[in-house]
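Written out below as structure tokens is the structure these notes cover.
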Amino acid sequence: MEATNPAWTPVAPLSGDQLKKLGTHGTEIAVTSGTILFSAGDASYDLFVVLDGSADVVERLGEVSERVVASYGPAEFLGEIGMLTGERASLAGVVRQPGRVLRVPLDQVQLLMAHEPDLSEYILRTFLERRANLVRKGAGLTVIGSRYDERCRALLQSFARSRIAVKWMDLEVQPEAEALLRELQVPLKDLPIVIVPGRPLMRNPQPADIAAEFGEPPTAIDADQDVCDLLVVGGGPGGLAAAVYGASEGLQTALIDAAAFGGQAGTSSRIENYLGFPAGLSGAELAARGAIQAAKFGVRLHRNARATAFASSGGIHTVTCDDGRAFRACDVIIATGANYRRLAVPGIEAWEGNGVYYAATVAEARYALGRPVAVIGGANSAGQAAMFLSRTSDPVHLLVRGDDLEHSMSRYLIDAIASNPRILLQTRVEAVGITADSSLTGLELANGATLDVSAVFVFIGATPCTDWLDGQLATDDAGFLLTGHELNTFPKSNRAPFTFETSVPGVFCVGDVRSGSVKRVATAVGEGSAAVRIVFERRRADGLEIL
């Protein structure tokens, strides 16, 4: 059994006042050594605070490869962010030294998170740090597959976007992966596989399988065919803001997202210029705060629900997802954002998700620890990625096609990059090829040079996520949705579209997917909240019942 990682424990035990607040919402229980507090695979679990004795969080409990992930003593608590976002437990909690624990039911934890700011802040930050450590350690799920298998790469990218901790066993370079397949009696045709602690083995899982296993929190309402007041498609900052404001204004609101909530902002290592957070905050923290706030107001949260089709008839709009689920609503706010453009380099597809990445989080950074990397792009996302990666990789080559950063990046990032000795900036340069053997080894530049790098992180602009609309809404030449004054009047009502309203009455658009939008987190949040007020104005103008 491996030793405990001390970084998993909170910075300090709970204070007496914090324990008192938790105590009013929980029950003290006497426990003996070996008592199971929660098991891997549990749909949900409660918060346990150690009062006397000790407890461990364990991976693969009872197996030969059992590993202690963390140990907790008096005034320390077990759990991580998945408790609040509705994910199944991937680890087990077990009592090691007998004593007493305080058991706080999940619904009471959610109540505390909504009404006790100081305690909520402490628990949330601790949970987020533990999730980041889980991702770094690869504790939780195990994926077995080949780096050359497009299905395996897509699966890994999906888990990375969802910020789910994964251990990847590459069939091409890890003999133990093949040995485990033989032990599990899994033929190659069933790859990739996902080993979910406490759950059945997943063989070559499809979107519906992923949604069923990881998609819904236990409090989700399954009657998706019911018509809700407001459906928000896309869980980035704009979508989360729209959902929070919609539900807080009394609208029955549902929020769906193709992966985890947070969008591209959720993959940002640090957002330094968001109002109210002088020390900055991570994208994961922003997403977690938004999702918890949405749940507080009663939003139906559906993750791993990728929109694939749209239809509108009789004033009711229907969005169908890749797993077959259908959501119907009187009004829709589209906040699906944009995807980063792929690097146009021959043979790049074989290395995407395996040396070439379109996000820079702890999930991707752990594949290049202590080794040189390249970041391609000149906007804020590239600058944030370079700063984050410089913590664990050296050097970080920041490659910009333009003459400088002044016309595309915020000043605070430009100054930070200039003062960081690990970041090497090159302007007027373009990538044209890659070199590789069993892994990526270099990046070829148009000037004839080759950079020795172990990974490439690409941030070169974005394309709107509008394919699922199948041309039913008006767009500009680049595919971004047109809204408001950019459109003609609606033929049936003879009124002009409201601000943020698309070419279909009752369907609105906010954030990066909107034509002409300012690609900033604060802008998306403002648009999302403002669009909800316009939903009411639209219904009044069309002579519909005011919700």
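Summary table
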item: Hull-based mean projected area of the stretch 138-190, where the convex hull spans the alpha carbons, in square nanometres; result: 3.7
item: Among (i) 24.6, 80; (ii) 24.0, 73; (iii) 35.0, 117, the entry that matches Rg and Dmax of the Cα atoms in Å as calculated here; result: (ii)
item: Hydrodynamic radius (Kirkwood) for the stretch 1-119, which is based on Cα pairs only, to one decimal in Å; result: 14.5
item: Surface per residue (accessible, 1.4 Å probe) for the stretch 97-225, Å²; result: 47
item: Relative contact order (percent, whole number), the chain, Cα cutoff 8 Å, 6+ residue spacing; result: 11
item: Aspartates and glutamates whose Cα lies under 20 Å from that of Lys137, excluding same-chain neighbours fewer than 8 positions away; result: Glu2, Asp56, Glu59, Glu63, Glu66, Glu80, Glu87, Glu129, Asp170, Glu176, Glu285, Glu364
item: Highest-first arrangement of 479-485, 172-178, where packing means the average Cβ count within 10 Å; result: 479-485, 172-178
item: Additional length obtainable on full extension of the chain from Ala326 to Ala530, 0.36 nm per residue less Cα span; result: 70.8 nm
item: Mean Cβ neighbour count within 10 Å, used as a protection proxy, ranking 80-89, 42-51 highest first; result: 80-89, 42-51
item: Sulfur and carbon atoms: percent of accessible area, the stretch 468-547 [1.4 Å]; result: 51
item: Extension gain from Ser120 to Arg342, taking 0.36 nm per residue of separation minus the Cα-Cα distance; result: 76.0 nm
item: Lys/Arg +1, Asp/Glu -1 at C-beta; the chain dipole; positive extreme among Leu301, Leu275, Gly290; result: Leu275
item: Cβ-defined net charge surrounding Leu134, 13 Å radius [Lys, Arg +1; Asp, Glu -1]; result: +4
item: Distant alpha-carbon pairs in the stretch 482-547 (separation over 18 angstrom), percent; result: 35
item: Principal axes of the stretch 377-485: Cα extent on each, largest first, Å; result: 47, 37, 27
item: Candidate lysines - alpha carbon under 25 Å from Lys189, same-chain residues fewer than 8 apart omitted; result: Lys167
item: Computed accessible area, Ile36, all protein chains, 1.4 angstrom probe, square angstrom; result: 80
item: Among Leu112, Ser146, Leu201 the positive-end extreme of the charge dipole of the stretch 100-222 (Cβ point charges); result: Ser146
item: Net length gained if the chain between Gln110 and Glu28 were fully extended (0.36 nm per residue, minus Cα distance); result: 27.6 nm
item: Expected-Rg normalisation [2.2 N^0.38 Å, Cα atoms] applied to the stretch 227-326; result: 1.13
item: The chain - charge dipole about Cα centre, Lys and Arg +1 at Cβ, Asp and Glu -1, debye rounded to 20; result: 440
item: Whole-Å distance, taken between Cα centres, linking the stretch 422-474 and the stretch 324-374; result: 12
item: Cα-centred dipole magnitude for the stretch 427-480, charges only on beta-carbon of K, R (+1) and D, E (-1), debye, nearest 20; result: 200
item: Partners for Lys21 among lysines (Cα-Cα distance below 21 Å; same-chain residues under 8 apart left out); result: Lys296
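The values are calculated or read from the model by the stated rules, or taken from the named source; none is laboratory data. Remember, predicted model here, so these are calculated numbers, not experimental data. Here the Cβ is made from the backbone with ideal geometry for all residues, glycine too, and neighbour counts use every protein chain on show. Keep in mind that these areas ignore ligands, DNA and RNA; they rest on the heavy atoms of the full protein, side chains included. Shrake-Rupley method; radii C 1.70, N 1.55, O 1.52, S 1.80 Å.
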